[in-house]
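Structure record follows, encoded as structure tokens.
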Amino acid sequence: PITNEILYPSSMALRTVARTATTTARRAVGARSVATLPDLPYGYGELEPVISGEIMELHHSKHHNTYVTNLNVATEKLAEATEKGDVTTIVQMQAAIKFNGGGHLNHSIFWQNLAPPSKGGGGEPDGELAALINAKFGSFDAMKTQLSGSTVAVQGSGWGWLGYDKATNSVAIATCPNQDPLEATTGLVPLFGIDVWEHAYYLDYKNVRPDYVNAIWELANWEDVAARLAAAK
């Protein structure tokens, strides 16, 4: 039978329906935005001898995967806290999202920034990317020297970056501590990054960070870097 509650639902019933619809929508959005570990465009051993297959497998399947897992946990907790209006937990989740989200962003770029020499790694950039580098630093070698020096000098763990400044249509060098993402913390669009967390090189280079940084240029994928520059414009 048709009751008054069906014909004229109470305000409580309407609020319940609204909350259910909102929660369902949020869960649907969350399901679509779950971070995933990206596949590599090369095999773990293809960057040898610059980076060993053992390091690549650990770095990608263990370290990067941990950032992805922890990012998804943190974003789920943030969504739950936001729904509940739990401001304390919302604030607590910011650091975890910055660290793990930054780790996911940084590594996703890093893998694409590299390529085996047989697949285009190494050499020098050309076209607009080369022109911007020459305009800012005088030459490609001068940029390499400056970026390498800044990256080696990172205290503890972090990243060295060549980034793009949209406001001035120029490239710039910057370093970021820990897993701080370049664009979110400096405004520069990341083009080429060098990971100097010890897990990225220690098995191969021990504590001699300069040797690792100098060698990684042999794997630089300038096609990918140029594509990032084009996308940033």
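Structure above, values below:
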| item | result |
| --- | --- |
| Residue in the range 54-65 that is closer than 27 Å to Pro177 by Cβ, open to solvent by 80 Å² or more (accessible area, probe 1.4 Å), touching a Leu at 6+ places or on another chain (Cβ under 7 Å) and among the acidic types (Asp, Glu) present | yes |
| Criterion violated by Pro117 - all others in (1) open to solvent by 30 Å² or more (accessible area, probe 1.4 Å); (2) free of Cβ contacts under 8 Å to residues at least 40 places away in the same chain satisfied | (2) |
| Test for Thr82: is it open to solvent by 60 Å² or more (accessible area, probe 1.4 Å) and either β-branched (Val, Ile, Thr) or in contact (Cβ under 8 Å) with a residue 12 or more places away in the chain (or both) | yes |
| Filtered residue count, the range 97-109, keeping only those that are over 24 Å from Ile51 (Cα atoms) and either in a loop (DSSP other than H, G, I, E, B) or open to solvent by 30 Å² or more (accessible area, probe 1.4 Å) (or both) | 3 |
| Search result, residues across the range 141-186 that are among the β-branched types (Val, Ile, Thr) and in contact with a Leu (Cβ under 7 Å, 6 or more places away or on another chain) | Val171, Ile173 |
| Enumeration of residues in the range 37-79 that are of a type in the set (Phe, Trp, Tyr) and touching a residue at least 24 places away in the same chain (Cβ under 8 Å) | Tyr42, Tyr67 |
| Residue match in the range 124-140 (condition: in contact with a Leu (Cβ under 9 Å, 6 or more places away or on another chain), closer than 25 Å to Glu48 by Cα and open to solvent by 60 Å² or more (accessible area, probe 1.4 Å)) | no |
| Residues within the range 207-229 that are farther than 26 Å from Phe99 by Cβ and open to solvent by 70 Å² or more (accessible area, probe 1.4 Å), tallied | 4 |
| So Ile173, is it of a type in the set (A, V, I, L, M), farther than 21 Å from Gly101 by Cβ and either touching a Lys or Arg at 6+ places or on another chain (Cβ under 7 Å) or open to solvent by 30 Å² or more (accessible area, probe 1.4 Å) (or both) | yes |
| The listed residue being open to solvent by 60 Å² or more (accessible area, probe 1.4 Å) and either in a loop (DSSP other than H, G, I, E, B) or of a type in the set (Gly, Ala, Ser) (or both), out of Gln146, Gln179, Gln155, Gln112 | Gln155 |
| The listed residue being of a type outside the set (D, E, K, R), out of contact with any Ser or Thr (no Cβ under 6 Å at 6 or more places or on another chain) and closer than 15 Å to Phe110 by Cβ, out of Pro210, Pro177, Pro181 | Pro181 |
| Members of the range 182-198 found to be in contact (Cβ under 8 Å) with a residue 24 or more places away in the chain and either among the polar types (S, T, N, Q) or surrounded by fewer than 15 Cβ atoms within 10 Å (Cβ to Cβ) (or both), listed by number | Ala184 |
| Those residues of the range 180-229 which are farther than 14 Å from Gln112 by Cβ and small (Gly, Ala, Ser), in sequence order | Ala184, Gly187, Ala200, Ala215 |
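The values are calculated or read from the model by the stated rules, or taken from the named source; none is laboratory data. Worth saying up front: this structure is predicted, and the values here are computed from it rather than measured. Glycine gets a Cβ as well: all are built from the backbone with ideal geometry, and neighbour counts include every protein chain shown. Only protein heavy atoms, including side chains, enter the accessible area calculation; ligands, DNA and RNA are left aside. Shrake-Rupley method; radii C 1.70, N 1.55, O 1.52, S 1.80 Å.
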